[in-house]
Structures are given as structure tokens and as C-alpha cells.
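**Q** Here it is, the structure in full.
The values are calculated or read from the model by the stated rules, or taken from the named source; none is laboratory data. Given the structure is predicted, the values throughout are model-derived calculations rather than measurements. In this analysis, Cβ positions are derived from the backbone assuming ideal geometry, glycine residues included, and neighbour counts consider all displayed protein chains.
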């Protein structure tokens, strides 16, 4: 009984190296895509939190203007004057050319670290089962393809 030694031929060695290289390239591509988009869930969660904060603030305000002197967007109420907003319609000022660039607190001051977000608010009159209501849409966007819209309704109760 004789033992014969057997090894790899040069062609088998080259083919196995090519297969391994293709596998490594695929794994590296997956890692690159994963790393590039690893912050996306955080950006989406921050956008949702910003929209929720705006919507909660708006829903706590009066349905109609309690004081005639405060004004509405149509009467020139500035978007930067959020501290004097006293009813739901006032928040319609945060739209068009007056969107909030960067998330802001209820007094209109910028929140540090959230300057890359843009917030727009739309207030429209509607009815919920024949009950007069106002539909509030808060849209938060970010340059990294984040676009979140939350909708709430305020009735006159």
C-alpha cells in the first residue's frame, strides 16, 4: 500500500482565490451600505419626536382666538412669535416661506443639535362626523430623505 501525495494545482488555487475575493467584496459592500445608513433610524425617531412635540403643543391651544388682538397668520402674525400663539389657527403661520428651519421650542427658540430639520404646519377646517374641527398636519423633513407627517384634530369642546 503506497500513499500518494496530492496537492492543489495552480488553476484550482487561482479559482479558489477568485471565489474568496468575490465573497469578501460582497461582505464589504453590505458593511458599507449598513454603515452609511446606520443613522437613519435615529433621524426618523428624532423627526417623529419633533412632530409629536409640535402637535402636542398645538392641540393644547384654544380652538378659536380667545383675544382679538393676537391676530392670525392672515393678519401678519410672525412665525417667530410662537410665544404669543394662543389658538390653533396661529400655528398655520409655520408654513410656506415661514417654516421653522431647525426644531424650535414653544417660545420659538432653536433647539441645539436639531438645526437640520425643517418643520411646517398646516391647519385646515374640517368636520369629524358633522362636528366642526381643525385638522393639524405637522411635517418634519431632514436632508437625509426623512419626511414625517403627523396629523391631529382639534374640536371646539
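**Q** Is the range 89-107 home to any residue that is surrounded by 13 or more Cβ atoms within 10 Å (Cβ to Cβ) and more than 21 Å from the chain's Cα centre (by Cα)?
**A** Yes.
**Q** Residue 5 fails exactly one of the following numbered conditions: (1) over 29 Å from residue 132 (Cβ atoms); (2) not in a loop (DSSP other than H, G, I, E, B). What is the number of that condition?
**A** Failing condition for residue 5: (2).
**Q** Then there is this: Exactly one condition in (1) in contact with a strand residue (DSSP E or B) (Cβ under 7 Å, 6 or more places away or on another chain); (2) closer than 18 Å to residue 86 by Cα; (3) loosely packed, with under 12 Cβ neighbours inside 10 Å is false for residue 157; which is it?
**A** All conditions are met except number (1).
**Q** Pairs only if they're at least six apart or on different chains, beta carbon under 9 angstrom, first in the range 102-119 and within 16 Å of residue 55 (Cβ to Cβ) and not assigned by TED's automatic domain parsing to the domain that holds residue 56, second surrounded by 14 or more Cβ atoms within 10 Å (Cβ to Cβ) and at pLDDT below 85; list them, first residue then second.
**A** Pairs that qualify, where the first residue is within 16 Å of residue 55 (Cβ to Cβ) and not assigned by TED's automatic domain parsing to the domain that holds residue 56 and the partner is surrounded by 14 or more Cβ atoms within 10 Å (Cβ to Cβ) and at pLDDT below 85: there are none.
**Q** Any idea which of 110, 127 is modelled with pLDDT of 90 or more, farther than 18 Å from residue 86 by Cβ and surrounded by fewer than 16 Cβ atoms within 10 Å (Cβ to Cβ)?
**A** Values: 110 fails: modelled with pLDDT of 90 or more.
127 is the lone residue from the list that is modelled with pLDDT of 90 or more, farther than 18 Å from residue 86 by Cβ and surrounded by fewer than 16 Cβ atoms within 10 Å (Cβ to Cβ).
**Q** Then there's this: Filter the range 130-154 for residues that are in contact (Cβ under 8 Å) with a residue 24 or more places away in the chain and within 12 Å of residue 91 (Cβ to Cβ); which is surrounded by the fewest Cβ atoms within 10 Å (Cβ to Cβ)?
**A** Ranking the candidates gives 152 first.
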